[in-house]
1. Does the range 316-332 hold any residues that are within 20 Å of Ala220 (Cβ to Cβ) and either touching a strand residue (DSSP E or B) at 6+ places or on another chain (Cβ under 7 Å) or among the hydrophobic types (A, V, I, L, M, F, W, C) (or both), and which are they?
2. Can you report the number of residues in the range 98-137 which are open to solvent by 90 Å² or more (accessible area, probe 1.4 Å) and not in a helix (DSSP H, G or I)?
3. Within the range 361-405, work out how many residues are within 21 Å of Ser191 (Cβ to Cβ) and among the acidic types (Asp, Glu).
4. Does the range 192-199 include one or more residues that are open to solvent by 30 Å² or more (accessible area, probe 1.4 Å), farther than 30 Å from Ala482 by Cα and modelled with pLDDT under 95?
5. Would the range 131-151 turn up any residue that is within 30 Å of Gly281 (Cα to Cα), touching a Pro at 6+ places or on another chain (Cβ under 8 Å) and touching a residue at least 24 places away in the same chain (Cβ under 8 Å)?
6. I need the full set of residues from the range 473-501 which are more than 25 Å from Pro405 (Cβ to Cβ) and open to solvent by 20 Å² or more (accessible area, probe 1.4 Å), in order please.
7. Looking at the range 812-831, can you tell me whether even one residue there is open to solvent by 70 Å² or more (accessible area, probe 1.4 Å), part of a helix (DSSP H, G or I) and more than 28 Å from Gln556 (Cβ to Cβ)?
Amino acid sequence: MADLQAQTRYDPAEAEPRIVARWLASGLFHPDPDPEEEEGETFSIAVPPPNVTGVLHMGHALNGAIQDTLIRLARLRGRRAKWILGTDHAGIATQRQVEKRLEAEGTSRAQLGRERFTEAVWAWREEYGGRIIEQFKRLGASLDYEDERFTMDAAYAEAVQTVFVALYEQGLIYRDHRLVNWDPGLGTAVSDLEVEEREVEDRLYHIAYPLVGGGEIVVATVRPETMLADTAVAVHPEDERYAHLVGSTATLPLVGRELPIVADEHVRPDFGSGALKITPGHDPNDFEIGRRHGLDELSVIGEDGRMTPAAGERFAGLAVAEAQVAVVDALRVEGALRAVEPYRHVVPFSERSGARIEPLISLQWYMRMDQLAAPAADAVRDGRVRIHPESQARRYLAWLEDVHPWCISRQLWWGHQLPVWYRGENEVHVGMEGPAGEGWTRDPDVLDTWFSSALWPFATLGWPQYNGQLRAFYPTDVLSTAREILFLWVARMVMMGLRFAGDVPFRDVYIHSVIQAPDGRRMSKSLGTGIDPLEEIERHGADAVRFGLLAMSSTQDVRYSAEKVEQGQRLANKLFNATRFVLLNVRAGVDPAPRPQTVEDRWILSRLAAAKEELLARVEGFDFARAALGLYDFVYGELCDWYLEFVKGRDFDADLSATVLYLVRETLTLAHPVIPFVTEELWGLVPGDEARPPLLAAGRLEPEDPALRDPRAEAEVGRVIAVVQALRSWRDEAQVRAGAVLPVRGEVDGLRALVERLARVRFADGDEPPVATVTARGEGAVRVAVDVLPSEDIDLGAAERRRTALREQLGTEVARAEGKLANHGFVAKAPPAVVQAERDKLARLREELEAL
């Protein structure tokens with residue numbers, strides 16, 4: 001105990017690196033998949049692999065805290081828990097990083113060539129790829145660092161190629177000309193996740209297309225340069241203005257091509273004139289309309305962002321923006337431009353290069369999704385995969401019901417190169433090994449990063465080999481992730497797991513919140529709204545950041561709360577001080593055990609049992625905010641602020657020593673998944689038998705003991721707490737000096753001594769009139785009244801003046817809230833959460849006013 005006498009405060013900056021080193025040295029995070037003796041059930045989570053380019057941001061920190069809470073709790077409940085670790089090669093992001101470095105060195109990818117460029121990327125990965133792994137350690141994440149995987153390592157690459165070849169042989173992977181998101185800046189197709197929508201100010205051009213036989217039909221477009229690839233005009237089948245034109249023909253201005261007029265339900269009659277030019281080669285909606293009506297698919301914009309020869313001699317070679325000006329000028333000359341008006345709309349841009357996305361028809365490799373989607377949907381419908389919250393399950397199913405072929409090829413050098421070879425025009429070889437013979441050329445494209453990521457839960461465990469890891473830890477138990485990759489990643493993992501690993505990849509999917517900046521904007525370095533979790537860890541400690549993120553978490557987007565992080569720091573300090581107080585006061589040679597002697601002992605043991613039950617239920621229900629805040633209420637409030645104050649007046653005999661040691665031991669264990677560092681630091685100081693594990697991370701959380709639940713003790717002590725709080729509040733309002741002991745009269749079920757000490761009062765007999773009656777509401781809404789008797793320490797005039805002012809203030813606030821809620825416009829237009837918050841506020845204000 002000498003160390004504790006000298007150490008008066010908890011210093012996370014000193015303790016955390018030392019504790020991480022002990023955890024890593026123990027091997028605890030690397031469970032044996034095939035123990036000689038059965039060690040209980042397994043539990044596993046596959047970390048969403050961060051990009052190898054990445055550094056820890058607030059989303060990683062939140063999800064890390066969530067997953068680590070689940071993993072540590074599983075270990076404490078006796079399960080062999082593996083948190084699968086690894087990083088994603090992040091094809092586009094990593095290639096761009098290395099290209100920037102080469103540009104700074106005065107060279108380029110093209111100058112190096114593919115082989116040397118790939119070597120440069122691997123070297124970059126060796127230099128920078130481990131940053132985020134070390135940062136996870138700072139957070140206290142108990143990942144399996146001994147078994148780190150990478151989506152480009154040799155074993156993982158074998159799994160990727162095995163799946164590609166199998167799907168090709170099953171007819172689910174094929175080559176086709178289809179519309180893709182083309183990034184002219186990077187020169188590759190990109191996924192929807194690499195596309196960001198920006199609102200831009202554009203012009204809407206109204207163009208007259210002559211009708212064969214006389215007359216005209218006017219279409220509206222923001223991209224007149226794409227009209228050169230028009231192959232039809234479409235109207236809504238129920239639009240009476242154009243019903244007589246369906247089946248007739250219009251002539252394309254500037255080009256002279258005849259265009260059929262078709263009816264399609266996709267057309268919006270209220271947009272422009274209600275007639276839509278159809279350009280299947282340059283618009284995703286038009287592409288689908290074109291496929292429905294068997295239209296030609298023409299392209300006039302090339303992969304370099306310039307007009308192709310198909311655009312005609314006067315436009316070929318122009319950049320897209322230049323072509324737009326030229327086409328509009330030509331339409332004016334031809335007399336086909338009817339009107340131009342400002343138009344604000346959303347336009348797709350590349351998240352990586354910043355270039356405007358060009359929807360282009362491109363020859364790419366695709367995966368047919370319909371056969372894979374049906375089993376993935378069934379897995380959620382029948383409960384084999386549970387998505388939390390339920391609203392996200394509905395989104396998942398809606399996407400699967402309308403799934404489209406997936407473009408899986410990318411025009412990059414960094415990634416899994418397609419196992420495809422060509423010879424001549426017609427010979428194609430797909431296989432794990434290259435074909436025999438001469439004249440074969442390998443496809444230079446690589447797979448979309450999301451293809452390899454879709455195998456993550458089973459490829460990380462050694463598939464296609466069936467080994468002990470796969471047998472022990474697949475399926476995983478939980479996936480925690482963000483909603484924007486529900487389709488891109490989660491649904492595809494379910495598809496691949498069912499198809500190749502024989503089971504769903506996880507049982508539960510938790511869609512966590514997005515942490516916004518305190519002002520509600522997205523966190524972003526460029527916007528100046530980013531908050532670095534590592535800086536917050538430096539400032540407050542990892543436990544504080546973990547607690548704060550869990551406490552502010554939700555299934556909705558939430559604003560970052562520095563107050564919640566500070567609350568976590570207070571919790572860690574309070575637990576340290578409380579444990580220090582107990583250990584410096586208990587008798588030597590006493591082991592922890594529940595040996596209650598008083599009603600307050602029975603009360604706190606009952607509250608501990610309740611806290612265990614509540615925390616486990618809330619974590620299992622993925623309600624991490626209430627789990628963290630409930631833990632805070634028990635530790636900070638019931639254990640430290642109340643029970644330890646109760647026992648300060650008692651002799652620490654063997655029974656009390658055993659009881660408080662038991663409380664400390666069980667509280668440290670209960671709190672460990674949320675705040676692992678301070679609890680681990682204190683664990684080694686708590687006396688116990690030799691069989692106890694040296695690390696709390698390897699300890700066991702005892703099941704809740706129903707015998708310790710004591711409703712009667714909770715009711716009795718609950719009344720004491722209510723009376724003490726009411727008396728303290730009255731003293732503050734009456735501005736009674738701190739050291740004054742006030743005479744009072746009332747009944748508190750024989751617990752007078754506690755009330756007297758904690759509220760600084762003295763119970764007296766007699767029938768003199770009170771100066772005030774303090775009313776408290778105890779357990780079960782039982783009202784307890786205590787009379788405050790006259791005393792020279794009470795200035796009733798000052799108290800009444802303060803109370804009157806407070807009544808007036810509360811009355812004003814109540815009236816303002818009532819007026820706001822009486823405003824039908826506010827109630828109808830404000831978000832439901834805002835309206836409910838105002839109602840809750842009004843109820844609280846009324847309650848405070850009534851109490852006065």
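1. Across the range 316-332, the qualifying residues are Val320, Ala321, Ala323, Val325, Ala326, Val327, Val328, Ala330, Leu331.
2. 1
3. Here the count works out to 3.
4. no
5. Within the range 131-151, none of the residues are within 30 Å of Gly281 (Cα to Cα), touching a Pro at 6+ places or on another chain (Cβ under 8 Å) and touching a residue at least 24 places away in the same chain (Cβ under 8 Å).
6. Result: Tyr474, Pro475, Asp477.
7. yes
Residue by residue, here is whether (1) farther than 30 Å from Arg471 by Cβ; (2) in contact with a Ser or Thr (Cβ under 9 Å, 6 or more places away or on another chain); (3) open to solvent by 60 Å² or more (accessible area, probe 1.4 Å); (4) of a type in the set (Lys, Arg) holds:
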residue	(1), (2), (3), (4)
Gln516	yes, yes, no, no
Phe547	yes, no, no, no
Arg587	yes, yes, yes, yes
Gln597	yes, yes, yes, no
Leu605	yes, yes, no, no
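The values are calculated or read from the model by the stated rules, or taken from the named source; none is laboratory data. The structure presented is a predicted model; accordingly, all values stated were derived computationally and were not measured. Heads up, the Cβs are rebuilt from the backbone with ideal geometry, glycines too, and the neighbour counts pull from every protein chain shown. Just the protein is used for accessible areas: all its heavy atoms, side chains included, with ligands, DNA and RNA removed. Shrake-Rupley method; radii C 1.70, N 1.55, O 1.52, S 1.80 Å.
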